[in-house]
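Visitor: Please see the structure below; I have some questions.
A short reminder: the numbers here are calculations on the coordinates, not readings from a lab. Keep in mind it's a predicted model, so treat the numbers as computed, not measured. So basically every Cβ, Gly included, is an ideal-geometry build from the backbone, and we count neighbours across all protein chains shown.
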Amino acid sequence: MDEVAASLVMLGGKPRLKSKPGRRDMAENAKLKTAAAANDEMELRVRHMHRRDINRVWEFLKLVFRDVNRETVEYQRPRHKARFLETYEEEGVEQLVFEVRRQGKSDLVGYAEYAYEIIGSDSWMNHRYFEKRGMRPLFVEEIAVHPDYHGMGVGSFMFEQIEHAARLRGCTHIVLEVAENNEEALRFYRKRNFQKLDAAIFMSRRIETGGELLTPRRLKPRRPAKA
């Protein structure tokens with residue numbers, strides 16, 4: 001009785017047996033599922049950044065580096081929007097946006113910024129270091145992936161694009177900066193055979209506070225004059 005009741009539907013107020021799906025119905029259902037899956041597929045695309053993207057990308061960078069910048073000495077993105085605008089106008093800087101196409105919509109999921117030479121008067125890079133070692137680097141200034149898209153291959157695709165650009169320009173190395181306590185980023189780079197170039201690190205020492213003026217100090221005895 002339970003099995004019969006489970007297959008009943010109400011039509012016109014009277015219970016009637018629900019017909020089992022035929023092969024045609026099953027085929028149609030399969031097509032619908034395939035179409036739904038296709039609509040749900042995400043396609044990652046890359047393009048050059050345009051002026052109309054500036055505000056959108058800036059807000060994206062603030063989101064991506066919000067937590068990282070609370071834990072690092074140096075800012076992991078341009079500190080001011082004005083500097084970001086200057087970067088857009090600067091010659092020799094490539095800025096790429098990575099978007100996911102899904103159901104006719106585009107979501108910004110990645111941003112990369114790089115140059116083929118040391119850019120800016122405030123750069124920490126020393127070009128002689130690379131010249132001495134016969135290196136022709138591509139310098140990655142910024143790379144950012146939306147936190148909701150970590151682990152989905154976005155970062156890998158971005159580095160494939162950067163490496164492709166480096167090969168086209170005859171570069172021998174990709175050089176970037178990463179905070180030593182940004183463990184997630186370090187794991188990502190080490191997995192891709194990045195190696196540390198310089199041993200420079202930020203150091204600090206805690207200062208014990210006391211009175212405004214130092215307490216008296218006994219001097220060392222004067223050395224006797226030589227005869």
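Visitor: Sort His164, His127 so the one with the fewest other Cβ atoms within 10 Å of its own Cβ comes first.
Guide: His164, His127
Visitor: Quick check on the exposure proxy: order Lys226, Lys81 from fewest to most C-beta atoms within 10 angstrom.
Guide: Sorted ascending by nearby Cβ count, the order is Lys226, Lys81.
Visitor: Can you compute the equivalent ellipsoid semi-axes for region 43-191, i.e. the square root of 5 times each eigenvalue of the Cα gyration tensor, sorted largest first and rounded to whole Å? Let's see the in-between values first.
Guide: Details: eigenvalues 112, 63, 59 Å².
Here the semi-axes work out to 24, 18, 17 Å.
Visitor: Now for a different question. In sequence order, what are the phi-derived ³J(HN,Hα) couplings for region 183-189 according to the Karplus relation 6.51 cos²θ - 1.76 cosθ + 1.60 with θ = phi - 60°, rounded to whole Hz, with x for glycine and proline?
Guide: 5, 5, 5, 4, 4, 4, 6
Visitor: Remind me, relative contact order of region 43-191 in percent, using alpha carbon pairs under 8 angstrom and six or more residues apart? Mind showing how you got there, number by number?
Guide: On the way: 180 pairs, mean separation 34.4, N = 149.
Computed value for region 43-191: 23 percent relative contact order.
Visitor: Listed highest first by mean packing, meaning other Cβ atoms within 10 Å per residue, what order do 105-111, 45-51 come in?
Guide: On the way: 105-111: 17.9, 45-51: 12.0.
Going from most to least packed, we get 105-111, 45-51.
Visitor: Still on this structure: If each residue's Cβ is checked for other Cβ atoms within 10 Å, how do Glu131, Glu86 rank with the fewest at the top?
Guide: The order, fewest Cβ neighbours first, is Glu131, Glu86.
Visitor: First measure r as the distance between the Cβ atoms of Leu197 and His48, then evaluate 1/(1 + (r/R0)^6) with R0 = 35 Å and state the FRET efficiency to the nearest 0.05.
Guide: On the way: r = 29 Å, r/R0 = 0.82.
Efficiency computed from Cβ-Cβ geometry: 0.75.
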